[in-house]
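Accompanying notes for the structure given below.
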Amino acid sequence: MSRPQQNRYDDIVDAIAGWYPDCRAGKLFSMPCVKRSGQFVFGLGRTGMVFKLTDPETHARALAVPGAHLFDPSGRGQPFRQWVVVPPERSDEWEPLAAEAVAQDHSVPPR
C-alpha cells in the first residue's frame with residue numbers, strides 16, 4: 001500500500017477512534033484494523049480497505065464500487081461473505097464505509 005493510502009487509512013482510524021470510544025486500532029491476519037468491542041469492523045489490506053458489512057444493502061452498495069471484491073485472506077477462493085475490499089483508486093468511499101461498518105451489528109451471521 002502506498003504512503004498516501006496509508007495516510008488516508010490512518011486519518012480515518014483517528015477519526016473513528018475519536019467518535020467511538022469502544023473502537024481500537026489492532027491487527028488481524030497481520031493486517032492493521034479497527035475493532036469495535038473486540039470485533040473486526042475494517043482494516044487495510046494489500047489490495048485496499050476491507051470492511052465487514054453485515055447490512056445487505058450497504059454490502060451490495062460497497063460491492064458495486066468499481067474494483068471492489070469480497071475479501072479472501074487465504075487466496076484459495078474462500079472469501080469472507082460479509083467482508084468487502086474497496087481499492088485505493090476509490091479511497092473517497094473509505095470513510096463513509098468505515099462509519100457504516102462501525103455502526104452495523106457485527107453479531108449478525110453471514111447469509
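Numbers at a glance
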| read-out | value |
| --- | --- |
| Rel. contact order, % - alpha carbon contacts under 8 angstrom, at least six apart, the range 4-62 | 19 |
| Three-way shape label, the range 10-111, alpha-carbon gyration tensor, a/c 1.5 | rounded |
| Percentage relative contact order, the chain, counting C-alpha pairs under 8 Å, at least six apart | 24 |
| For the range 39-82: relative contact order, % (alpha-carbon pairs under 8 angstrom, 6 or more apart) | 25 |
| Computed E for V108/M31 - FRET, C-beta separation, R0 30 angstrom, nearest 0.05 | 0.90 |
| Full-extension gain in nm, R46 to A17, via 0.36 nm per residue minus C-alpha separation | 8.2 nm |
| Cα centroid of the range 77-111 to Cα centroid of the range 1-68, whole Å | 7 |
| Per-residue HN-Hα couplings for the range 85-95 [Karplus 6.51, -1.76, 1.60; θ = phi - 60°; Hz; x = Gly/Pro] | 9, 10, x, x, 5, 10, 5, 5, 8, 4, 5 |
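Read-outs: derived from the displayed coordinates by stated rules, not from any lab. It should be emphasised that the depicted structure is a prediction, and the values quoted were computed from it without experimental measurement. As a convention, Cβ positions derive from the backbone with ideal geometry for all residues, glycine included, and neighbour counts pool all protein chains shown.
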